[in-house]
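Visitor: Structure below; questions to follow.
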Amino acid sequence: MNTIQTIGIIGAGTMGNGIAQACATCGIDVVMVDISQAAVDKGLATVAGSLDRLIKKEKATQADKTAALARIKASTQYADLHGCDLVIEAATENEALKVKILQQLDAELPAHVLIASNTSSISITKLAAATQRASQFIGMHFFNPVPMMALVEIIRGLQTSDATHDAVKALSQRLGKTPITVKNAPGFVVNRILVPMINEAFFVLAEGLATPEDIDAGMKLGCNHPIGPLALADMIGLDVCLAVMNVYVEEYNDGKYRPCPLLKEMVAAGYLGRKTGRGVYTY
């Protein structure tokens, strides 16, 4: 399959509706599915609001918004995915849930349809093995906010065919994204480098080498990062950062991934970052 014309998306949350917007604004028809009408309505409203902000910034027109929304069909039924060439699973980052969804999709979809997962941490090889079309399964890891972020990590499972990879890579480029191809491994490429860097920033903070503000300023000004690692941890969620480090320790059995005790203590205290109003910084 060289050309993907219609895309199904499972999940209308932050990632799902962002992927839907990115596809629809590039002229691709989308079927966005979630478990309730309220969820898909909320996803559509988020897309409309995002497009309104682009109109306000003069990066889109009202006609662009109308055309994009017309390309997104919202549904609560997997049967509506039958006309899709690719279905992207963008459900909550929970392996058991994803496996259940993927098995349902595999049973429902015609044999030629490709399936991708937007997972940021779960093994693509393992997810592919839960289906009867492992060679047609791949990882497409988009970054938040999807309409703005240029990168897509394309993760090949052990079973992924060249044809599947090439079709998804071409699609990513049609979406105006820059794809990088990654072998299956915990954290893939970006999070494998990013989260240990954040963890190291917590070690630096715990040792009292500098204030949070100076640590973040150092990385912003010295490494040209748009946001410092501690502020980024607050944005991601300290509990998420800790969970990722724990996965690395378990999967790689390497002490260099040991979570910083300060990070563990802050999570135990409920200081999870922006979502709780307090992390490294107070919000």
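Visitor: Which whole-number percent gives the relative contact order of the chain, counting Cα pairs below 8 Å spaced six or more residues apart? Show your work: numbers first, answer last.
Guide: Values: 489 pairs, mean separation 38.3, N = 283.
Relative contact order of the chain: 14 percent.
Visitor: Under the Karplus relation 6.51 cos²θ - 1.76 cosθ + 1.60, θ = phi - 60°, what is the ordered set of whole-Hz ³J(HN,Hα) values for the stretch 184-195, x standing for Gly and Pro?
Guide: Going residue by residue, I get 5, 6, x, x, 6, 9, 5, 5, 4, 8, 5, 5 Hz, with x marking Gly and Pro.
Visitor: If you plug each phi of the stretch 136-144 into the Karplus form 6.51 cos²θ - 1.76 cosθ + 1.60 with θ = phi - 60°, what whole-Hz ³J(HN,Hα) values come out, in order, with x for Gly and Pro?
Guide: Calculated HN-Hα couplings, in order: 9, 10, 7, x, 10, 8, 7, 10, 8 Hz.
Visitor: Give me the aspartates and glutamates in straight-line cross-link reach of residue 177: C-alpha distance below 14 Å, same-chain residues under 8 apart excluded.
Guide: Correct list for residue 177: 153.
Visitor: Continuing with this model, one more query. Evaluated at 10 °C with a viscosity of 1.306 mPa s, what Stokes-Einstein diffusion coefficient in µm²/s does the stretch 88-154 have when Rh comes from the Kirkwood expression over alpha-carbon pairs? Each step should come with its number before you reach the end.
Guide: Numbers: Rh = 12.2 Å.
It diffuses with D of about 130 µm²/s by this estimate.
Visitor: Quick check on the chain: helices-only [θ] at 222 nm, where DSSP H runs of length 4 and up contribute -39,500 (n - 2.57) each and the sum goes over total residues. Nearest 500, please. Intermediate values should be presented prior to the final figure.
Guide: Numbers: 11 runs with 134 residues, N = 283.
That calculation yields -15000 deg cm²/dmol at 222 nm.
Visitor: Still on this structure, please answer the following. Going by how many other beta carbons lie within 10 Å of each one, how would you line up 84, 241, 26, fewest first?
Guide: Values: 84 23, 241 29, 26 14.
By the 10 Å Cβ count, ascending, the order reads 26, 84, 241.
Visitor: I need the Kirkwood Rh of the stretch 164-224: take the reciprocal of the average 1/r across all distinct C-alpha pairs and report it in angstrom. It would help to have the intermediate numbers written out before the result.
Guide: Working: mean 1/r = 0.0696 Å⁻¹.
The Cα-based Kirkwood calculation yields 14.4 Å.
Visitor: So what is Rg over Rh here for the chain, counting just Cα atoms and using Kirkwood for Rh?
Guide: Numbers: Rg = 19.7 Å, Rh = 20.0 Å.
My calculation of the ratio gives 0.99.
Visitor: Could you order the peptides 261-272, 59-70 from most to least packed, using the average number of other C-beta atoms within 10 Å per residue? Walk me through the numbers on the way to the answer.
Guide: Values: 261-272: 16.3, 59-70: 14.0.
Packing order, densest peptide first, comes out as 261-272, 59-70.
Visitor: Moving to a separate point now. Which of the pairs 98/126; 57/220; 100/126 have their Cα atoms more than 18 Å apart in this structure?
Guide: On the way: 98/126 11 Å; 57/220 26 Å; 100/126 13 Å.
Listed pairs above 18 Å: 57/220.
Visitor: Here's another thing I want to ask about it. What's log10 of I(q)/I(0) for the stretch 73-121 at q = 0.26 Å⁻¹, Debye sum over Cα points only, no solvent?
Guide: At q = 0.26 Å⁻¹ the computed log10 ratios are -1.08.
The numbers here are math on the coordinates, done by the rules we state, and not lab data. Quick caveat, the model's predicted, so the values are computed rather than measured. Positions of Cβ are backbone-derived with ideal geometry, glycine not excepted, and every protein chain shown enters the neighbour counts.
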